[in-house]
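The values are calculated or read from the model by the stated rules, or taken from the named source; none is laboratory data. Remember, predicted model here, so these are calculated numbers, not experimental data. Every residue, glycine as well, gets a Cβ built from its backbone with ideal geometry; the counts of neighbours run over all protein chains shown.
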Amino acid sequence: MTRLRALQIVLAAGWTAVSAAVAAADAITPSPESDTPTPDADLWFPVGERIEYRILWGRIPVALSTANSEWVDYEGRRLLAIRFETRSNAVLSKLYPVDDFIESLIDPQTFLPVQFTKRLNEGHYHCDETTVFDHARGVAVYTNNRKQSSREYEIDPDTRDLISFMYSMRTVDLMAGSEQDFRVMADEKLYDLTIKAEKQEEVKLPHYGKIDSMQLEPEAAFQGLFVRKGKMTVWVSEDDRKVITKASIKVPVAHVNLVLDKVTGPGDDEWVATDVKKKMTPKRTRRKRQ
């Protein structure tokens, strides 16, 4: 069941879960103007967007996962908070309860992370971790809140955590047959990540019909984002939102799928304007490349 963690992190929303230590959480409060954009912050997705996914073990629904964003005030700064939450349903909870929450606090001007926090509860596995980024000094400070231990390590000028990396990928046009290399922070280290764009496909979604998507094959040298033991495939919508429409992991003992259920929040495109009881137009117009 540990494959659920990989899917839960991949889902991220478009690019696409947990929290800060209890003490740090007290310093984070929703901004009273959270429904209005931050001045001069020209983002490529609407803040307040909420993306919901269903996770299936084979054909059996086992969990729900959501990604959402909002403005927050943190230590006198206006930051963007992006959060992922995954919870097992009643059936799976009896055997393997999952209750995960991941959050990234991001500078909206540079889209670099200020703080990445993680709290995972999966069966007998539990973690509570915080990473604070100091891009001016080129270091990050990782704290294991359960063990009350910390350590510092070097980062690159553009180092991003899992969440800020996936949301930044929503600006990237991936052409079929192309391949791009990236570096991302995970497990308190920097790792190389390769994303291969395979081909265009239609992904059929229960509430939206057939959505034009790009099939991606991610490969990484670490566990927890994309699993090396087994095959991970991700499909991303070929429109302005660039949301993950589906993700699939095939391993020797199981086949886990993550399927987009619905998108809500600000905006007037078909994702939020369409009544989920009705399906979107089968074909969607691709985003024009600059």
Exercise for the section: Would you please name the residue that is nearest to residue 184 (Cα to Cα), looking only at residues in segment 144-173 that are surrounded by 18 or more Cβ atoms within 10 Å (Cβ to Cβ) and more than 18 Å from the chain's Cα centre (by Cα)? Expected result: 155
Practice task
Among the residues of segment 126-176, write down those that are touching a helix residue (DSSP H, G or I) at 6+ places or on another chain (Cβ under 9 Å), closer than 24 Å to residue 234 by Cβ and not in a loop (DSSP other than H, G, I, E, B).
Solution key: 162, 163, 166
Completion exercise
Among (1) aliphatic (A, V, I, L, M); (2) in contact with a Ser or Thr (Cβ under 8 Å, 6 or more places away or on another chain); (3) farther than 29 Å from residue 183 by Cα; (4) modelled with pLDDT under 95, residue 258 falls short only on (3)
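Okay, residues lined up against (1) buried (at least 18 other Cβ atoms within 10 Å of the Cβ); (2) of a type outside the set (Phe, Trp, Tyr); (3) modelled with pLDDT under 65; (4) closer than 17 Å to residue 84 by Cβ:
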residue: 268; (1), (2), (3), (4): no, yes, no, no
residue: 271; (1), (2), (3), (4): yes, no, no, no
residue: 277; (1), (2), (3), (4): no, yes, yes, no
residue: 281; (1), (2), (3), (4): no, yes, yes, no
residue: 285; (1), (2), (3), (4): no, yes, yes, no
residue: 288; (1), (2), (3), (4): no, yes, yes, no
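Okay, residues lined up against (1) at pLDDT 95 or above; (2) in a strand (DSSP E or B):
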| site | (1), (2) |
| --- | --- |
| 4 | no, no |
| 17 | no, no |
| 62 | no, yes |
| 68 | yes, yes |
| 71 | yes, yes |
| 91 | no, no |
| 103 | yes, yes |
Problem - Failed condition for residue 108, given (1) closer than 28 Å to residue 273 by Cβ; (2) part of a strand (DSSP E or B) - result: (2)
Exercise for the section: Can you work out which of the residues in segment 103-123 that are in contact with a strand residue (DSSP E or B) (Cβ under 6 Å, 6 or more places away or on another chain) and among the polar types (S, T, N, Q) is surrounded by the fewest Cβ atoms within 10 Å (Cβ to Cβ)? Expected result: 121
Exercise for the section: Check segment 69-90 and report whether any residue there is touching a helix residue (DSSP H, G or I) at 6+ places or on another chain (Cβ under 8 Å), of a type in the set (A, V, I, L, M), under 30 Å from residue 240 (Cα atoms) and buried (at least 17 other Cβ atoms within 10 Å of the Cβ). Expected result: yes
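Just to be sure I understand, how many residues within segment 73-89 are part of a strand (DSSP E or B) and within 17 Å of residue 101 (Cα to Cα)?
Start the filter on segment 73-89 by keeping residues that are part of a strand (DSSP E or B), which leaves 73-74, 77-88.
Still in the running and within 17 Å of residue 101 (Cα to Cα): 80-88.
The number of residues fulfilling the criteria is 9.
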Exercise for the section: Provide a single number: the residues in segment 124-143 that are over 19 Å from residue 105 (Cβ atoms) and surrounded by 14 or more Cβ atoms within 10 Å (Cβ to Cβ). Expected result: 0
